[in-house]
Amino acid sequence: MLASTDTFPDESMRPTRVEVDLGQLGRNVQAIQQHVGSARVMAVVKANAYGHGLVPVAHEMVRAGAHSLGVALLEEAVLLREAGITTPILVFGGIAETQIPLFLRHQLTLTAPSVEKLNLIDAAAAAMSTPARVHLKIDTGMERLGIHYYSAERLLEASLKARHVRVEGIYSHFANADAADLSHARLQLERFQEVLSFYEKRSLPPPLRHIANSGGILQLPESHLDLVRPGILLYGVSPSRECPLTLPVRPALTWKSHVAYFKVVQPWHPVSYGSTWVSDHAVRMVTVPVGYGDGYFRALSNRGQVLIRGQRHPIAGRVCMDQVMVNLEWGTAYYRDEVVLLGHQGSESISADDLAEWAGTISYEVLTNINARVPRLYTRSEGP
Ligand SMILES: *Cc1c(COP(=O)(O)O)cnc(C)c1O
């Protein structure tokens with residue numbers, strides 16, 4: 001957040017804001033836990049908890065029973081530790097050698113994607129006389145990070161010999177578990193199981209085995225294994241159009257603003273940069289103080305819609321950095337009326353998927369793109 005709530009109490013805070021219902025997020029964790037039965041839940045809170053706010057969301061996930069937290073970067077994990085969170089935190093991303101001491105100092109769980117990295121971690125842990133918590137990363141068909149499944153035995157062997165490393169988990173990541181065609185995901189799971197047979201052959205108890213992201217949780221129950229890693233599903237949003245939400249999770253984020261200005265635009269008087277919008281008749285138009293400088297995509301120019309007084313109204317002309325114009329036609333609105341950009345108003349709603357479709361992207365990008373200039377406010381609804 002840009003400004004402290006001491007300097008900017010609610011009433012003087014920017015009207016453009018995100019409201020996050022922590023109660024709903026807690027219920028989403030519980031719905032996922034119920035669905036996966038005996039598997040544990042690692043709540044993925046990378047990228048500012050998919051735009052919902054890293055620290056408050058992480059606290060709520062832990063409160064609601066998450067076994068551990070997953071983030072992409074060391075920096076995200078350190079922020080969580082500094083906020084007093086003592087739950088295990090796995091950092092998914094690749095590590096630079098120079099970062100290892102900081103991981104160890106904060107008791108963070110490292111991802112070891114190769115024998116070389118594992119040995120660097122082992123050496124750093126020996127030098128600091130502290131055990132390193134590690135999850136091994138196997139690439140089963142994403143070609144992103146991790147040792148290939150066909151050479152993974154080397155890494156598993158090495159992990160048995162690394163004396164200062166505690167291998168607490170082993171994982172892989174699906175490339176298309178959110179698709180209608182699950183053949184590639186099934187192949188990935190088979191390859192992962194083959195790698196895991198290493199432990200059985202040696203009569204060793206396996207560490208925590210995990211591969212399921214939101215798509216896997218929804219569509220491939222056999223992929224739940226010991227731990228699941230929901231991201232977008234925690235936030236009540238489906239991972240793709242092809243993958244219906246079959247759990248009782250709901251969105252928890254509302255992005256709203258207000259009417260900052262009202263005017264009548266005369267016929268043939270174009271609106272906004274580039275004069276891309278013009279009408280042959282007079283219309284009522286409002287200006288709303290949100291723009292691409294907040295993460296409201298410029299691609300929504302002449303395509304997006306907002307809710308005012310329970311009605312949908314279209315964006316007129318280009319989205320500016322800090323403002324956007326909305327065409328009411330003959331509708332009414334007054335100064336300071338609430339404008340909903342994402343979420344419910346009356347019986348209407350705009351979803352992250354709607355915004356994604358209008359802007360030509362995916363819901364993940366809509367949520368993570370709402371930037372730090374937009375203050376986050378937290379509420380807590382009681383469950384239905
Ligand atoms: C982001 C991420 C997830 C969560 O993915 P969703 O599709 O949002 O559920 C899980 N695991 C890893 C390694 C990730 O990077």
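Inspection of the range 268-278 identifies at least one residue that is farther than 24 Å from Y235 by Cβ, surrounded by 16 or more Cβ atoms within 10 Å (Cβ to Cβ) and of a type outside the set (A, V, I, L, M). Of the residues making up the range 142-178, those that are open to solvent by 20 Å² or more (accessible area, probe 1.4 Å), in a loop (DSSP other than H, G, I, E, B) and of a type outside the set (D, E) are M142, R144, L145, G146, R163, H164, H173, A175, N176.
Taking the condition free of Cβ contacts under 8 Å to residues at least 60 places away in the same chain and open to solvent by less than 30 Å² (accessible area, probe 1.4 Å), does L300 pass? Answer is yes for this residue.
For the range 217-235, the set of residues classified as near the ligand (Cβ under 8 Å from one of its atoms) and over 11 Å from the mean Cα position of the chain (by Cα) consists of I217, R229, listed by residue number. Of the residues making up the range 49-95, those that are of a type in the set (V, I, T), open to solvent by 40 Å² or more (accessible area, probe 1.4 Å) and not in a helix (DSSP H, G or I) number 1.
If the condition is being open to solvent by 20 Å² or more (accessible area, probe 1.4 Å) and among the aromatic types (F, W, Y), then the range 281-297 contributes Y292, F297. If you go through the range 348-384 and pick out every residue that is among the small types (G, A, S) and surrounded by fewer than 16 Cβ atoms within 10 Å (Cβ to Cβ), you end up with 5. Scan the range 95-128 residue by residue and report those that are out of contact with any His (no Cβ under 8 Å at 6 or more places or on another chain), among the hydroxyl-bearing types (S, T, Y) and touching a residue at least 24 places away in the same chain (Cβ under 8 Å). Within the range 95-128, S114 is the sole residue that qualifies.
The values are calculated or read from the model by the stated rules, or taken from the named source; none is laboratory data. If you're wondering where the values come from, they're calculated on a predicted model, not measured in any experiment. All Cβ positions, glycine included, derive from the backbone under ideal geometry; neighbour counts span all protein chains shown. SASA here: full protein model, heavy atoms, side chains in, ligands and nucleic acids out. Shrake-Rupley method; radii C 1.70, N 1.55, O 1.52, S 1.80 Å.
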